Amino acid sequence: MKTPNSTPITATALALRWTLAAVAVLVLAVAGVIIANRTLFSPSHDVKELQQDLANGEGAKALGLMQATVPKGDAVALNGEVLKRTQKGVTDFSTDKAQPVKGNKELRTVTAHYKVDGVDKQSTYTLRHIGKSWLFFDNWAFEPSTLPSVKIKANTVNEVTVNEQKIPLDAGVSTLPVFYPSVLDASFSTKNFAADTRGVVVTAPAEDPVEIALKTEPTDAFISAINSKVKKYLDDCASQQVLMPSGCPFSYNTSARVDSSTINWDITKYPTIKVSYYNGSWVLSPLKTSAALTLTEQDLRTGSKEKKTVNDTYSFTAKLTTSTTEVSVVPVAGGQQVAQ
């Protein structure tokens, strides 16, 4: 039904409308392809996908994506919960636009920016164009590489803790292949020895491993145990009512006659315990102790008796045999080891 003001639509006008609509759809489709190609099918997107795999602890997936070779070592940080922990400190991850590589039109580099404990860091990845999907979408692949590794060194102990995971040491060393970026924290704590946490941030592959050298320190319990053993040794020496206690650092010489019942040794100052690591073992610094001797001397010519008190300082050493839980202290007096 026609209205007074209606105008019939001609076939030409209808065709034009359909043509314009088709062009608009085509333009939108092309724009969608371009946007998708620049985002979902871009080198930067692959880098973001890799980082997401690492954050999820999906090491096998990440390794396949990177086409990376794993160097020799303990692979505990390459998958699961330990891998997740290496990524906890990585925040604000973003990527720059892919950049062409001079001399090779198939390669692109992507620089990722992130923070570790508030400090700006970055890593760079290289990807190669390997063709197209559905005629329109670019495909990219990471250039094959070798993962970096971290070498952890510690003396005295046979295992350390890395990102909450116990790691065995072989001759005081363990090497861990890692992805990048990765944040690794290492420490250990035993009854006798401990090392404060030390960490590294791995941001790129490297020919040589990144090192974490843990500084071993004796614990208070270790020093206390040595102190108790040394104190007992000296107290046992002081309990001998003789002028030259057997196997002990102190002695007294006199030409007078002495009744042994009057002899009394008393330790007036015990040694200060200082332990250091030297030439592959823990050693005890030379020890000094002070003792007071009271006794009654009888002059052999006159027969007179005199009560005397003698104060002196004496030196000795002791050999340590240690483990993470035990310690043996063997005093050395007069050049001879004293059985304990």
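The values are calculated or read from the model by the stated rules, or taken from the named source; none is laboratory data. Predicted model, so just to flag it, every value in this text is computed and none were measured. Backbone-built Cβ (ideal geometry, glycine too); neighbour counts: all protein chains shown.
For the list (1) out of contact with any helix residue (DSSP H, G or I) (no Cβ under 7 Å at 6 or more places or on another chain); (2) more than 30 Å from Gln67 (Cβ to Cβ), I need the number of the one condition that Lys191 fails. With respect to (1) out of contact with any helix residue (DSSP H, G or I) (no Cβ under 7 Å at 6 or more places or on another chain); (2) more than 30 Å from Gln67 (Cβ to Cβ), Lys191 is out only on (1).
Residues are listed down the side, and each one gets a yes or a no for (1) at pLDDT 95 or above; (2) in contact with a strand residue (DSSP E or B) (Cβ under 9 Å, 6 or more places away or on another chain); (3) within 20 Å of Lys319 (Cα to Cα):
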site: Ser239; (1), (2), (3): yes, yes, no
site: Thr254; (1), (2), (3): no, yes, no
site: Trp265; (1), (2), (3): yes, yes, no
site: Lys269; (1), (2), (3): yes, yes, no
site: Ile273; (1), (2), (3): yes, yes, yes
site: Ser276; (1), (2), (3): no, yes, yes
site: Asn279; (1), (2), (3): no, no, yes
site: Lys288; (1), (2), (3): yes, yes, yes
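Looking only at residues in the stretch 165-199 that are touching a Ser or Thr at 6+ places or on another chain (Cβ under 8 Å) and among the aliphatic types (A, V, I, L, M), which one is farthest from Gln52 (Cα to Cα)? For the stretch 165-199, the residue satisfying everything is Ala194. With a requirement of 3 or more residues that are among the charged types (D, E, K, R) and within 30 Å of Val160 (Cβ to Cβ), none of the strands (runs of 3 or more DSSP E) lying completely within the stretch 212-331 satisfies it. Looking for something of a type outside the set (D, E, K, R) and in contact with a Leu (Cβ under 7 Å, 6 or more places away or on another chain) - is there at least one such residue anywhere in the stretch 290-299? Checking the stretch 290-299: not a single residue is of a type outside the set (D, E, K, R) and in contact with a Leu (Cβ under 7 Å, 6 or more places away or on another chain). The condition of being at pLDDT 95 or above and loosely packed, with under 13 Cβ neighbours inside 10 Å holds for only one of Glu81, Glu143, that being Glu81. A single member of Thr296, Thr313, Thr309 is among the β-branched types (Val, Ile, Thr) and touching a helix residue (DSSP H, G or I) at 6+ places or on another chain (Cβ under 8 Å), and it is Thr296. Here Met66 passes the criteria (1) closer than 29 Å to Gln165 by Cβ; (2) of a type in the set (A, V, I, L, M, F, W, C); (3) modelled with pLDDT under 95 except the one numbered (3). Scanning the stretch 54-75 for residues being in contact with a Lys or Arg (Cβ under 9 Å, 6 or more places away or on another chain) and in a helix (DSSP H, G or I) gives a total of 2.
For the stretch 265-276, the criterion of a residue being among the small types (Gly, Ala, Ser) and closer than 30 Å to Val157 by Cα is satisfied by at least one position.
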